[in-house]
Structures are given as C-alpha cells and as structure tokens.
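Accompanying notes for the structure given below.
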Amino acid sequence: MGKKDKKVDFSHIVKDKKLPILTLDGRWHELFTEDQKSPEMKESEQKVNNLLKKQGKLVNDIKDMKKLKNNLLTEIMENMNIGTDNIGKTKEKKLDKNKQFINELNVKIDAAMEELAEIPYMIKEVNEELMTESINIFYDCIENNKAELKEVAVWIYNMREELKHKILIKQDLEVKNTKIYTYMHDILGHELMEMFDKEHGAK
C-alpha cells in the first residue's frame with residue numbers, strides 16, 4: 001500500500017463511532033503487513049496494546065487485593081476475642097496490623113478502580129487515531145488499485161482483441177488446409193493421399 005504526499009483528515013468521520021478495537025480485529029490485521037503500516041500506525045497500535053495490557057493487569061490486581069482484603073477481614077472476625085495475656089497482646093498487634101493493611105488496600109483498590117475506569121476512554125481515543133491513520137492508507141490503496149485496475153482492464157481488452165484475431169487466423173488456416181487436402185484427395189485419389197499423409201503427416 002502506497003502513501004500519499006498529503007493526508008486527508010478523516011478524524012471527524014471516526015469520532016464517537018462504535019469501532020472494534022483494531023488490534024484485536026482479525027479483519028484489520030489481514031489488511032496490513034508490518035511494512036505497510038506507517039510509523040504513526042505502529043505507534044498507535046503499540047499504545048492500544050499497552051493500554052489493554054494495563055487494563056488486564058489492573059483487573060487482576062484489584063481481584064487479588066480484594067481477595068487479600070477478604071482474607072484479612074475473615075482473620076479479624078475469627079480473632080475478635082482477645083485475652084489480656086501475652087498471646088492476647090500478640091493477637092491484638094496482629095489485628096491492628098491487619099486493620100492498617102486493610103486501610104492501605106482500600107486506598108490502593110480505590111486508586112486502581114479510578115485508573116481502570118479511565119482506560120476505556122483512553123483506548124477509545126487511541127483506537128480512533130489508529131482508525132484515522134488506517135483510513136488514510138485504505139484511501140491511498142484504493143486510489144492506487146483503481147489506477148492499476150485500469151491498466152489491467154486495458155491489457156485484458158487488448159489481449160481479447162488479439163485472441164479474437166488469432167482465432168480468426170487459425171480458423172482461416174484450417175479452412176485453407178481442409179480445402180487443399182480435399183482438392184488433392186479428389187485429384188490424387190485415396191491411395192496417393194495415404195502415401196502423402198505418411199510422408200508429410202497431413203491429416
């Protein structure tokens with residue numbers, strides 16, 4: 001796919017359209033080889049992929065933090081009855097640490113949830129940039145293909161005309177040969193024509 005000297009701005013066309021995430025779209029990948037992608041496309045593609053990885057990591061991190069928080073809460077509930085002896089004091093310190101850890105986890109979970117909520121909008125924005133650049137290359141490819149299609153169409157037309165001409169020549173030669181052979185057969189007779197066939201391969 002070639003590149004135009006001047007790009008057309010298609011960003012307004014893709015803005016707020018319901019687009020598939022292009023890096024996850026098999027049809028999009030079929031239309032491009034790596035060498036056909038512009039530097040801008042490769043950069044946007046990498047951004048989308050990085051955001052998707054970040055999204056997946058945040059989902060897993062939040063899941064793990066919530067699981068840990070639930071385990072700590074269960075442990076606190078199971079050890080609510082604290083005695084005044086040394087074991088009780090040790091349990092109390094551990095419970096205090098668990099409560100502090102839960103508070104820290106709550107802060108981290110909230111921050112991760114906020115960050116996770118922003119990622120779809122970021123993916124949408126970069127995905128639109130990637131589609132805009134893709135359309136530029138599609139547009140250029142279509143224009144190049146149109147020019148080549150015209151050349152191919154002319155070549156096919158010329159070949160058809162030449163083929164018609166050759167077919168007429170072939171038919172004319174076959175008719176002439178048939179007439180000659182018939183005439184010789186009538187004049188020379190069957191026996192002489194067999195000798196002629198053997199010698200010259202006439203049919």
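Which residue is modelled with the lowest pLDDT, if the candidates are limited to region 186-202 and must be surrounded by 10 or more Cβ atoms within 10 Å (Cβ to Cβ) and of a type in the set (A, V, I, L, M, F, W, C)? First the steps, then the outcome.
Of the residues in region 186-202, the ones surrounded by 10 or more Cβ atoms within 10 Å (Cβ to Cβ) are 188-189, 192-197, 202.
In the following step, the residues that additionally are of a type in the set (A, V, I, L, M, F, W, C) were identified as 188, 192-193, 195-196, 202.
Values: Leu188: 78, Leu192: 71, Met193: 71, Met195: 76, Phe196: 71, Ala202: 51.
Among those that are surrounded by 10 or more Cβ atoms within 10 Å (Cβ to Cβ) and of a type in the set (A, V, I, L, M, F, W, C), it is Ala202.
Candidates in region 14-33 are the residues that are touching an Asp or Glu at 6+ places or on another chain (Cβ under 8 Å) and of a type in the set (A, V, I, L, M, F, W, C); of these, the one that is nearest to Ser44 (Cα to Cα) is Leu22.
What residue, of Glu125, Glu161, Glu148, Glu114, is surrounded by 13 or more Cβ atoms within 10 Å (Cβ to Cβ), modelled with pLDDT of 90 or more and not aliphatic (A, V, I, L, M)?
Values: Glu161 fails: surrounded by 13 or more Cβ atoms within 10 Å (Cβ to Cβ); Glu148 fails: surrounded by 13 or more Cβ atoms within 10 Å (Cβ to Cβ); Glu114 fails: surrounded by 13 or more Cβ atoms within 10 Å (Cβ to Cβ).
Just one listed residue meets the conditions, Glu125.
The conditions of being within 30 Å of Gln36 (Cβ to Cβ), modelled with pLDDT of 95 or more and not aromatic (Phe, Trp, Tyr) are met by Ala153.
Answer yes or no as to whether Leu19 is part of a helix (DSSP H, G or I), touching a helix residue (DSSP H, G or I) at 6+ places or on another chain (Cβ under 7 Å) and either modelled with pLDDT of 80 or more or within 17 Å of Glu133 (Cα to Cα) (or both). So Leu19 does not fit the description; no.
Yes/no matrix, rows are residues, columns are (1) under 27 Å from Ser11 (Cβ atoms); (2) modelled with pLDDT under 95:
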{"residue": "Glu118", "(1), (2)": "yes, no"}
{"residue": "Met131", "(1), (2)": "yes, yes"}
{"residue": "Ile135", "(1), (2)": "yes, yes"}
{"residue": "Asp140", "(1), (2)": "yes, yes"}
{"residue": "Glu143", "(1), (2)": "yes, yes"}
{"residue": "Ile167", "(1), (2)": "no, no"}
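For region 72-92, the set of residues classified as more than 12 Å from Leu105 (Cα to Cα), surrounded by 10 or more Cβ atoms within 10 Å (Cβ to Cβ) and modelled with pLDDT of 75 or more consists of Thr74, Glu75, Ile76, listed by residue number.
Restricting attention to region 30-60, the residues that are over 17 Å from Thr132 (Cα atoms), more than 14 Å from the chain's Cα centre (by Cα) and loosely packed, with under 15 Cβ neighbours inside 10 Å total 6.
Of the residues that sit in region 128-143 and are in contact with a helix residue (DSSP H, G or I) (Cβ under 8 Å, 6 or more places away or on another chain) and among the aliphatic types (A, V, I, L, M), which one is surrounded by the fewest Cβ atoms within 10 Å (Cβ to Cβ)? Please lay out each step first, then the result.
Going through region 128-143, the residues in contact with a helix residue (DSSP H, G or I) (Cβ under 8 Å, 6 or more places away or on another chain) turn out to be 128-135, 137.
If we keep only those that are among the aliphatic types (A, V, I, L, M) too, we end up with 130-131, 135, 137.
Values: Leu130: 26, Met131: 23, Ile135: 17, Ile137: 21.
The residue in question is Ile135.
Consider region 1-16 and keep the residues that are of a type in the set (D, E, K, R) and either loosely packed, with under 10 Cβ neighbours inside 10 Å or not in a loop (DSSP other than H, G, I, E, B) (or both). The one that is modelled with the highest pLDDT is Asp16.
The values are calculated or read from the model by the stated rules, or taken from the named source; none is laboratory data. What you see is a predicted model, and the numbers here were worked out from it, not measured in a lab. As a convention, Cβ positions derive from the backbone with ideal geometry for all residues, glycine included, and neighbour counts pool all protein chains shown.
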